[in-house]
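Engineer: Would you mind keeping the following structure in view while I ask a few things?
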């Protein structure tokens, strides 16, 4: 069959010319979902295990396995830290989830999250030169209730096989207890990408958006829709980076977060939200639409749209307003609609629109930096260092309202980000070993180039097959028919 010819880099050009912006936006979502289903079935998943050592004759089996490998076991037994050098552990991450909060799709059952966790592992390898394993676990107790302690116990038991743990798609409030407990009780870094990763990249986008708007982070009024793990952590990171908590207002499904929210105060599981109730929104504003008036920045990670946020609300914001609507898979308002309503800069979490503010820019470089120096944990300062690294990289090559952060295909950003994170880990005193910035950069770049080169070689030699054109055509026709 004919191989794929259509360039997916600009999906706007593959749909009928008479489609409106709204129809194109809807068609892109349908197309990408259907193509994802077909492509996953074609490949049977996105990752595989490939040996990194060679077989140069029969006796090499005896080197890699018994009897030779006995020396590896006893060496690690006598000094556990040698496991980072003698085994792949030093470059291996577990992507752990109970699949209770998968993208915008809610509880997908443990195996339902594997597509996302495999995708996370895929990006770690290709973008960060990091190996990763998806581990979706059942956290339900005998009454069918999700128990955060089950995830905590699982991670503590398996941590000795990995260099870091990436938590993903765990519903709140369980995610808070899981992360905060494991960060303190594990000997390796435990990172919640939905929270810290999203916060890092959001801060990077905000830094450059504010530069373009001529505003300072400590002066701007910020309104946030959604108070889950992502937005709660974004608020905390923005405040740590210089944002004024008195100028920040967060809203959940019941109203504003403030000191009078006794429902949050009473539920000790939501202690992270209560911290924000005590420090933000001193006016105790409960009306989101009122709060948005004259706001400089809107950051939304809430209910998927496109009608969650109305254009007329955007029009009440301050001059040169900045709108980040990052719900998945459909933003709370499409960026073209936000800009028509007066937004100066609009960003989403999707790569098929300008300004993708997505954690995929963060976790490959952050985890690589943490692994290289064998960090004990990933601090908030490391996440902020990554944000400034991303912002600086984009600024060096040029930014504008349609291009405020790097994209995933900008190869050079990830080794720089990894090196900056490694240096911050050393500065924060959580690194077990030390590098210079140049040494860290060169190591990260070498590993990333290796991962990309191996993937290209497998594609060139047809070990990774190219899908047929009809697979793409079927998805395209499915999307067009779904809109008409």
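Engineer: If you scan segment 87-101, which residues turn out to be closer than 20 Å to residue 113 by Cβ and surrounded by fewer than 23 Cβ atoms within 10 Å (Cβ to Cβ)?
Structural biologist: If the condition is that a residue be closer than 20 Å to residue 113 by Cβ and surrounded by fewer than 23 Cβ atoms within 10 Å (Cβ to Cβ), then 92, 100 are the ones that fit.
Engineer: Looking only at segment 51-72, count every residue that is within 18 Å of residue 162 (Cβ to Cβ) and assigned to a helix (DSSP H, G or I) and tell me the total. Talk me through it step by step, then tell me what you get.
Structural biologist: Let us first name the residues in segment 51-72 that are within 18 Å of residue 162 (Cβ to Cβ), namely 52, 72.
Now drop any that are not assigned to a helix (DSSP H, G or I), which leaves 72.
Final tally of qualifying residues: 1.
Engineer: Let me ask another. Among the residues of segment 322-342, which ones are in a loop (DSSP other than H, G, I, E, B) and either farther than 15 Å from residue 355 by Cβ or touching a residue at least 40 places away in the same chain (Cβ under 8 Å) (or both)?
Structural biologist: Listed by number, the residues that qualify are 326, 327, 328, 329, 330, 332, 334, 341, 342.
Engineer: Residues of segment 460-473 being out of contact with any strand residue (DSSP E or B) (no Cβ under 6 Å at 6 or more places or on another chain), within 18 Å of residue 35 (Cβ to Cβ) and surrounded by fewer than 14 Cβ atoms within 10 Å (Cβ to Cβ), which ones? Even if it seems obvious, please write down each step before you answer.
Structural biologist: Step one: of segment 460-473, the residues out of contact with any strand residue (DSSP E or B) (no Cβ under 6 Å at 6 or more places or on another chain) are 460-465, 467-473.
Checking which are within 18 Å of residue 35 (Cβ to Cβ) leaves us with 464-465, 467-473.
Selection gives 464, 465, 470, 473.
Engineer: Restricting attention to segment 381-391, which residues are in contact with a helix residue (DSSP H, G or I) (Cβ under 6 Å, 6 or more places away or on another chain) and either crowded, with 20+ Cβ neighbours inside 10 Å or closer than 22 Å to residue 323 by Cβ (or both)?
Structural biologist: Correct list: 382, 383, 385, 386, 387, 389, 390, 391.
Engineer: Here is a further query. Which residues, taken from segment 299-321, are farther than 21 Å from residue 195 by Cα and assigned to a loop (DSSP other than H, G, I, E, B)?
Structural biologist: 306, 307, 308, 309, 310, 315, 316, 317, 318, 319, 320, 321
Engineer: What residue, among those in segment 275-294 that are crowded, with 20+ Cβ neighbours inside 10 Å and touching a helix residue (DSSP H, G or I) at 6+ places or on another chain (Cβ under 9 Å), is nearest to residue 345 (Cα to Cα)?
Structural biologist: Taking segment 275-294 as the starting set, the residues that turn out to be crowded, with 20+ Cβ neighbours inside 10 Å are 276-277, 280-281, 288, 291-292.
This time we only want the ones that are touching a helix residue (DSSP H, G or I) at 6+ places or on another chain (Cβ under 9 Å), so: 276-277, 280-281, 288, 292.
Working: 276: 26, 277: 28, 280: 24, 281: 24, 288: 20, 292: 16 Å.
Filtering segment 275-294 for residues that are crowded, with 20+ Cβ neighbours inside 10 Å and touching a helix residue (DSSP H, G or I) at 6+ places or on another chain (Cβ under 9 Å), the one nearest to residue 345 (Cα to Cα) comes out as 292.
Engineer: Right, next: Can you tell me which residues in segment 228-259 are over 25 Å from residue 308 (Cβ atoms) and not in a helix (DSSP H, G or I)?
Structural biologist: 241, 242, 244, 259
Engineer: Considering each residue of segment 112-139, count those that are outside any helix (DSSP H, G or I) and more than 12 Å from residue 364 (Cα to Cα), and give that number.
Structural biologist: 7
Engineer: Can you name the residue in segment 304-320 that is free of Cβ contacts under 8 Å to residues at least 40 places away in the same chain and within 25 Å of the chain's Cα centre (by Cα) and is also farthest from residue 169 (Cα to Cα) among such residues? Quick ask: steps written out before the conclusion?
Structural biologist: Our first condition is that a residue be free of Cβ contacts under 8 Å to residues at least 40 places away in the same chain; within segment 304-320, this holds for 305, 307, 310-317, 319.
Add one more test, that the residue is within 25 Å of the chain's Cα centre (by Cα), and what stays is 305, 307.
Values: 305: 20, 307: 24 Å.
Residue satisfying both the conditions and the ranking: 307.
Engineer: Return the total of residues in segment 1-32 being surrounded by 12 or more Cβ atoms within 10 Å (Cβ to Cβ), at pLDDT below 90 and outside any helix (DSSP H, G or I).
Structural biologist: Final tally of qualifying residues: 5.
Engineer: Of everything in segment 392-413 that's touching a helix residue (DSSP H, G or I) at 6+ places or on another chain (Cβ under 9 Å) and not in a loop (DSSP other than H, G, I, E, B), which residue is farthest from residue 446 (Cα to Cα)?
Structural biologist: Restricting to residues being touching a helix residue (DSSP H, G or I) at 6+ places or on another chain (Cβ under 9 Å) and not in a loop (DSSP other than H, G, I, E, B), the top hit is 400.
Engineer: If a residue has to be under 24 Å from the mean Cα position of the chain (by Cα) and part of a loop (DSSP other than H, G, I, E, B) to count, how many in segment 427-454 make the cut?
Structural biologist: Summing the residues that are under 24 Å from the mean Cα position of the chain (by Cα) and part of a loop (DSSP other than H, G, I, E, B) in segment 427-454 gives 2.
Engineer: Surrounded by 14 or more Cβ atoms within 10 Å (Cβ to Cβ) and more than 21 Å from residue 293 (Cβ to Cβ) - does that describe any residue in segment 245-259?
Structural biologist: yes
Engineer: Of all residues being in a loop (DSSP other than H, G, I, E, B) and within 22 Å of the chain's Cα centre (by Cα) in segment 140-166, which is farthest from residue 128 (Cα to Cα)? Just the residue, please.
Structural biologist: 162
Engineer: Pull up segment 392-417, narrow it to residues that are touching a residue at least 60 places away in the same chain (Cβ under 8 Å) and within 21 Å of residue 122 (Cβ to Cβ), then point me to the one that is surrounded by the most Cβ atoms within 10 Å (Cβ to Cβ).
Structural biologist: Here is the first cut: in segment 392-417, the residues touching a residue at least 60 places away in the same chain (Cβ under 8 Å) are 394-395, 399-401, 404-405, 408, 414.
Within this subset, residues satisfying the condition of being within 21 Å of residue 122 (Cβ to Cβ) are 405, 408, 414.
Numbers: 405: 28, 408: 16, 414: 30.
The residue in question is 414.
The values are calculated or read from the model by the stated rules, or taken from the named source; none is laboratory data. Quantities reported herein were computed from a predicted structural model and do not represent experimental measurements. In this analysis, Cβ positions are derived from the backbone assuming ideal geometry, glycine residues included, and neighbour counts consider all displayed protein chains.
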